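The values are calculated or read from the model by the stated rules, or taken from the named source; none is laboratory data. Remember, predicted model here, so these are calculated numbers, not experimental data. Backbone-built Cβ (ideal geometry, glycine too); neighbour counts: all protein chains shown. For accessibility, only protein heavy atoms count, side chains too; no ligands or nucleic acids. Shrake-Rupley method; radii C 1.70, N 1.55, O 1.52, S 1.80 Å.
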Amino acid sequence: MLEQDRGDDMEADNDSGPARLDAVNRQLAEAYPELSPQLKLAAGYVLEHPVEIAFQSIRKSATAAEVTASTLVRLAKRLGFDSFDPFREVFQSAVQAGPVELSGRASQLRSLASQTDDQVFLDVGDAAFDNIGRLFTADNQQRVREAARRLLAADKIAVVGFRDTFACAYHFAYVGRIAMPNIQLIRGQEGGLLTELAPFGEGDVVVAFGFEPYCAETMRALEITRTAGVSAIVVTDTMRSPLVPGAAITFTVANATPHFFPSILSAITLIEVLLAECVAFGPDDLVDNVASFESRMRAMGAYVEQA
């Protein structure tokens with residue numbers, strides 16, 4: 001089955017590197033629960049270290065993944081490749097541009113504050129710059145454009161995120177509705193998840209946010225919408241996430257931080273990029289909606305006017 005999927009996804013020679021890599025990642029994510037423990041280790045490393053897979057030797061990658069080189073070969077063949085080399089070539093062609101090097105700015109921050117002993121402040125700054133830097137890559141740029149196209153074509157858009165990612169869902173829905181009134185935040189309060197999602201079906205899109213530990217409500221929402229034929233755009237932390245299978249588009253965002261809670265900074269930044277892309281390439285009505293919203297807010301006295 002996987003071999004057939006790979007052939008269907010990548011038979012066109014003119015497919016872009018990122019698109020081919022997306023196809024491989026989707027297959028790995030779908031297959032992950034059924035893999036043996038050793039193949040899971042290998043698949044996890046492949047999903048989370050595409051640059052290393054592209055340029056490291058197979059032995060070095062195997063050592064880093066804590067498996068044997070033959071296990072990586074078996075994983076490649078499981079996906080329909082003849083050997084590891086053509087498998088690695090998919091990664092090499094996709095890695096056209098690394099993350100924006102914002103980490104250097106974090107180093108400058110460290111230098112400027114070198115006389116303080118508040119290491120937590122500096123470490124959080126380092127993590128923030130690195131997380132955002134990892135978001136702005138060539139493959140994500142293509143993915144953002146495709147996600148915006150799907151959002152603009154949708155009849156209705158449901159937004160789902162619970163507990164640690166509720167802030168992401170709320171931000172997407174609140175800001176997005178200013179331009180696109182067909183966006184609805186799904187709250188799922190008092191057992192109302194099914195009722196809220198009932199109106200959504202084919203032609204609609206659900207945007208779901210979820211980081212480890214993954215919320216049962218988010219998984220349930222995706223199950224409900226998938227059964228109804230709703231297309232899913234998923235924002236999560238790894239391709240091994242249970243939110244990934246069945247998603248039309250998946251964004252994996254870095255959320256590492258010295259803080260005790262996963263960082264949502266990259267997810268919020270991604271939301272801003274997606275919504276900006278929608279307004280930039282959408283119909284004029286979206287700009288009119290923004291102007292109308294601002295006029296209504298001012299008319300109702302929602303803003304404090306400066307003297």
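Considering (1) at pLDDT 85 or above; (2) over 22 Å from Arg149 (Cα atoms), the lone condition that Gly301 does not fulfil carries the number (1). Against the test of being out of contact with any strand residue (DSSP E or B) (no Cβ under 7 Å at 6 or more places or on another chain) and either free of Cβ contacts under 8 Å to residues at least 60 places away in the same chain or of a type outside the set (D, E, K, R) (or both), the options Ile233, Ile271, Ile249 yield a single qualifying residue, Ile271. Being assigned to a helix (DSSP H, G or I) and free of Cβ contacts under 8 Å to residues at least 24 places away in the same chain is not true of Ala221. Across region 204-218, the number of residues qualifying as open to solvent by 20 Å² or more (accessible area, probe 1.4 Å) and either part of a helix (DSSP H, G or I) or in contact (Cβ under 8 Å) with a residue 60 or more places away in the chain (or both) comes to 2.
May I ask you to list the residues in region 186-197 that are farther than 15 Å from Asp155 by Cα, of a type in the set (A, V, I, L, M, F, W, C) and crowded, with 17+ Cβ neighbours inside 10 Å? Selection gives Ile186, Leu193.
Among the candidates Thr257, Thr269, Thr250, which residue alone is under 21 Å from the mean Cα position of the chain (by Cα) and either of a type in the set (Asp, Glu) or in a helix (DSSP H, G or I) (or both)? Break it down into steps so the answer makes sense when it comes.
On the way: Thr257 fails: either of a type in the set (Asp, Glu) or in a helix (DSSP H, G or I) (or both); Thr250 fails: either of a type in the set (Asp, Glu) or in a helix (DSSP H, G or I) (or both).
Result: Thr269 is the single residue among Thr257, Thr269, Thr250 that is under 21 Å from the mean Cα position of the chain (by Cα) and either of a type in the set (Asp, Glu) or in a helix (DSSP H, G or I) (or both).
One residue stands out in region 120-148 among those that are of a type in the set (Val, Ile, Thr) and within 14 Å of Ile264 (Cα to Cα): the one that is surrounded by the fewest Cβ atoms within 10 Å (Cβ to Cβ), namely Val124. Just one residue in the set Val124, Val175 is touching a His at 6+ places or on another chain (Cβ under 8 Å) and in contact (Cβ under 8 Å) with a residue 60 or more places away in the chain; that residue is Val124.
Here's the yes/no breakdown for (1) aliphatic (A, V, I, L, M); (2) farther than 18 Å from Ala179 by Cβ; (3) surrounded by 12 or more Cβ atoms within 10 Å (Cβ to Cβ):
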residue: Ala254; (1), (2), (3): yes, yes, yes
residue: Val273; (1), (2), (3): yes, no, yes
residue: Gly282; (1), (2), (3): no, no, yes
residue: Met297; (1), (2), (3): yes, no, yes
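Answer with yes or no whether Ile178 is in contact with a helix residue (DSSP H, G or I) (Cβ under 8 Å, 6 or more places away or on another chain), closer than 21 Å to Cys278 by Cα and open to solvent by less than 10 Å² (accessible area, probe 1.4 Å). Break it down stepwise before answering.
Working: in contact with a helix residue (DSSP H, G or I) (Cβ under 8 Å, 6 or more places away or on another chain): yes; closer than 21 Å to Cys278 by Cα: yes; open to solvent by less than 10 Å² (accessible area, probe 1.4 Å): no.
In short, no.
Please verify whether Ala106 is modelled with pLDDT of 75 or more, small (Gly, Ala, Ser) and touching a Phe, Trp or Tyr at 6+ places or on another chain (Cβ under 8 Å), treating the condition exactly as stated. Judged against the criteria, Ala106 is not a match.
Number of residues in region 50-67 that are surrounded by 15 or more Cβ atoms within 10 Å (Cβ to Cβ) and either in a loop (DSSP other than H, G, I, E, B) or of a type in the set (Ser, Thr, Tyr) (or both): the value is 3.
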